[in-house]
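Some notes on the structure that comes next.
The values are calculated or read from the model by the stated rules, or taken from the named source; none is laboratory data. These numbers were taken from a predicted model, which means no experiment stands behind them. Every residue, glycine among them, receives a Cβ derived from its backbone with ideal geometry; neighbour counts consider all protein chains shown. Heavy atoms of the whole protein, side chains included, go into the accessibility calculation; ligands, DNA and RNA do not. Shrake-Rupley method; radii C 1.70, N 1.55, O 1.52, S 1.80 Å.
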Amino acid sequence: MADTLIARQNQGLGKRLAPTLQLGLPAIALVAMLAVIFWIRPAAMSYFGFTLLFKLAVPVMFASLAQMLVIMLGDIDLSVGSFVGFITCVTALYLDSSPMLAVAIYALSILVYAAVGLLIHIRQLPSIIVTLGMSFIWLGVAIILLPAPGGAAPSWLSGFMGWRPPLLPLPILLSIVAALIGHFVISRSSFGAVLRGAGGNPRAIERAGWSVTLIRAAIYAAAGALGVIAGLTLTGLTTSGDPNVAPAYTLLGVGAVILGGGAFTGGIVSPIGTVIGALTLALAGSLLSFLQVPPTWQIGAQGGILFLVLAGRILLAEKTS
């Protein structure tokens, strides 16, 4: 009898801990990968080491947050990688010599993003088709502007991405700030509940007096603004523009959102989880390099890591059901 009671208590404890473990699984994977890297290269456990490990994760993180907003609506954006490449070309060509022209192009690009959201909603078009078409448009315009990698990032932008804050490395600081802002706006505020509701239950939002059409346009515009930030930070790191510099950001962004607890059903996203997911996927490349995995195998190995973490989430979800 006592054994049966203890077994039931353990089972109940497992069910109570399963949701926490499910949410914390990407963070556990991130810590595990860091432990392996520090075991192989103890010198990486330093201010400079953290900067090197995570500096390329910054543009991936902003692109993932852009993807998160679109997925929050139940859509998917297959153009964000090409859009980030387009922004790097605009930045490298115009931001230093003609800053007003560059800002005008950024603003116009954000308006185009909002128009895409309106088109998808009003015409009830599949976002996967519309954004796939937009990816070719962004790539084509970028190649017209800059047929080959080139241009130069403004010195202030490169200087900012190379800045060393006193307490935390810049990539970690930017990740914390982005995660906290996203958490309070999307997950904690009443306005964030409306935004999530526009993806999860749009009819209820309309009955409450909100315009789902305007909300979708605003969210797409915000996704475009985050894509601009991703392009700016990437240009600051690479110091040049390249139309083909970020095609992997599209799928990395989707992977980061799903890894961080998001779902394609709409309304279910986690900004903190998305940031952790982006850092995890970016760190996976460094881990595989430390393990001397050939570059041709690294993309497949990154997919394997993503698969293992998602399989763990599914198993934990089954435990809670």
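Things to note:
- Taken as a whole, segment 185-200 holds no residue that is of a type in the set (Lys, Arg), open to solvent by less than 50 Å² (accessible area, probe 1.4 Å), at pLDDT 90 or above and within 23 Å of Ala114 (Cβ to Cβ).
- When Phe62, Phe83 are checked against the criterion of being out of contact with any Gly (no Cβ under 7 Å at 6 or more places or on another chain), of a type outside the set (A, V, I, L, M), modelled with pLDDT of 95 or more and buried (at least 24 other Cβ atoms within 10 Å of the Cβ), Phe62 stands alone in meeting it.
- Screening Gly241 against (1) in contact with a Leu (Cβ under 7 Å, 6 or more places away or on another chain); (2) modelled with pLDDT of 90 or more; (3) open to solvent by 20 Å² or more (accessible area, probe 1.4 Å) leaves a single unmet condition, (3).
- Scanning segment 129-168 for residues that are among the β-branched types (Val, Ile, Thr) and surrounded by 13 or more Cβ atoms within 10 Å (Cβ to Cβ) yields Val130, Thr131, Ile137, Val141, Ile143.
- Of all residues in segment 150-158, at least one satisfies being in contact (Cβ under 8 Å) with a residue 60 or more places away in the chain and in a helix (DSSP H, G or I).
- Selection within segment 233-253 - assigned to a helix (DSSP H, G or I), out of contact with any Gly (no Cβ under 8 Å at 6 or more places or on another chain) and among the polar types (S, T, N, Q): Thr233, Thr238
- Residues in segment 258-285 that are closer than 17 Å to Ala198 by Cβ and either open to solvent by less than 10 Å² (accessible area, probe 1.4 Å) or within 10 Å of the chain's Cα centre (by Cα) (or both): Gly262, Gly266, Pro271.
- Conditions (1) open to solvent by 60 Å² or more (accessible area, probe 1.4 Å); (2) at pLDDT below 85: number failed by Leu52: (2)
- Scan of segment 65-77 for residues that are among the aliphatic types (A, V, I, L, M) and either without any contact (Cβ under 8 Å) to a residue 40 or more places away in the chain or surrounded by fewer than 22 Cβ atoms within 10 Å (Cβ to Cβ) (or both), ordered by number: Ile76
- Of all residues in segment 203-230, those satisfying the criterion of being out of contact with any Phe, Trp or Tyr (no Cβ under 8 Å at 6 or more places or on another chain), assigned to a helix (DSSP H, G or I) and open to solvent by 50 Å² or more (accessible area, probe 1.4 Å) are Arg203, Glu206, Arg207, Leu214, Ala218.
- Qualifying position, being touching a residue at least 60 places away in the same chain (Cβ under 8 Å) and under 21 Å from Leu25 (Cβ atoms), among Phe264, Phe290: Phe264
- Set Ala278, Ala256, Ala311: member being without any contact (Cβ under 8 Å) to a residue 60 or more places away in the chain and assigned to a helix (DSSP H, G or I): Ala311
- Of all residues in segment 31-46, those satisfying the criterion of being within 22 Å of Ile272 (Cβ to Cβ), open to solvent by 20 Å² or more (accessible area, probe 1.4 Å) and not β-branched (Val, Ile, Thr) are Ala32, Leu34, Ala35.
- Beta carbons closer than 8 Å, at least 6 apart along the sequence or on distinct chains, pair a first residue in segment 175-191 that is under 11 Å from Met61 (Cβ atoms) with a second that is surrounded by 15 or more Cβ atoms within 10 Å (Cβ to Cβ) and aromatic (Phe, Trp, Tyr) for Ser175/Phe54; Ala178/Phe62.
- Residue within segment 83-106 that is under 23 Å from Ala198 (Cα atoms) and hydrophobic (A, V, I, L, M, F, W, C) present: no
Yes or no, residue by residue, for (1) farther than 21 Å from Phe62 by Cβ; (2) among the hydroxyl-bearing types (Ser, Thr, Tyr); (3) modelled with pLDDT of 95 or more:
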site	(1), (2), (3)
Ser98	yes, yes, no
Ile105	no, no, yes
Ser109	no, yes, yes
Val112	no, no, yes
Leu119	yes, no, no
Leu139	no, no, yes
Ala152	yes, no, no
Ser158	no, yes, no
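Here is a yes/no grid of residues against (1) assigned to a helix (DSSP H, G or I); (2) acidic (Asp, Glu); (3) more than 14 Å from Val254 (Cβ to Cβ):
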{"site": "Val58", "(1), (2), (3)": "yes, no, yes"}
{"site": "Leu65", "(1), (2), (3)": "yes, no, no"}
{"site": "Gly74", "(1), (2), (3)": "no, no, no"}
{"site": "Phe83", "(1), (2), (3)": "yes, no, yes"}
{"site": "Thr88", "(1), (2), (3)": "yes, no, yes"}
{"site": "Ala92", "(1), (2), (3)": "yes, no, yes"}
